[in-house]
1. Please go through segment 94-129 and pick out each residue that is more than 15 Å from the chain's Cα centre (by Cα) and surrounded by 16 or more Cβ atoms within 10 Å (Cβ to Cβ).
2. Can you give me the number of residues within segment 45-76 that are modelled with pLDDT under 70 and surrounded by fewer than 11 Cβ atoms within 10 Å (Cβ to Cβ)?
3. In a loop (DSSP other than H, G, I, E, B), modelled with pLDDT of 75 or more and farther than 14 Å from residue 84 by Cα - does that describe any residue in segment 14-28?
4. Just the residues that are in contact with a helix residue (DSSP H, G or I) (Cβ under 8 Å, 6 or more places away or on another chain) and modelled with pLDDT of 90 or more, please, taken from segment 94-111.
5. Between a residue in segment 70-82 that is on the phi > 0 side of the Ramachandran plot and any residue that is modelled with pLDDT of 90 or more and among the charged types (D, E, K, R), which pairs come within a Cβ distance under 8 Å, given they are 6 or more apart or on different chains?
Amino acid sequence: MLLKILIDRGFVLTQATLSRDIKELKIVKAPTAKGSYVYQLPETMQDLPEEEVPLSSFGFVSIGFSGQLAVIKTRPGYAMAMAGEIDRKATPYILGTVAGDDTILLVPGENVSREEVITLLSAFIPNIQ
């Protein structure tokens, strides 16, 4: 759809070029509170009006732990945006995340307890238990 919009506006490009440019610019396709999607630069997501920000509470389903690692289940399409939000807001306690479509692997820092992870994430995922 984005490719069609750009072509309609006079840009000459292929899907491969568009995909490479999106990856290089670190643009994410993020779900909104209204159920649609928007393309955003990760660092600009905090400056958008609330109705356009992909709120983690809308996408969160569950969290489980295996050893020190956590697995967060999300609604389909929310994992990447939520992982980006976690990476921006939860440092230095979270080393990083890896996201699929509806699953996030969360790697806490050394000696960060499960309870600390839950408490930290509850600041922006209010329905986490």
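1. The answer is 108, 112, 117, 120, 128.
2. Initially, segment 45-76 is screened for residues modelled with pLDDT under 70, giving 45-57.
This time we only want the ones that are surrounded by fewer than 11 Cβ atoms within 10 Å (Cβ to Cβ), so: 46-47, 49-51.
Number satisfying all stated conditions: 5.
3. yes
4. First pass over segment 94-111, keeping only residues in contact with a helix residue (DSSP H, G or I) (Cβ under 8 Å, 6 or more places away or on another chain): 94, 96-104, 106, 108.
Correct list: 94, 96, 97, 98, 99, 100, 102, 103, 104, 106, 108.
5. Going by the 8 Å Cβ cut-off, the qualifying pairs are 77/102.
The values are calculated or read from the model by the stated rules, or taken from the named source; none is laboratory data. Since we're looking at a predicted model, the values are computed, not measured. Here the Cβ is made from the backbone with ideal geometry for all residues, glycine too, and neighbour counts use every protein chain on show.
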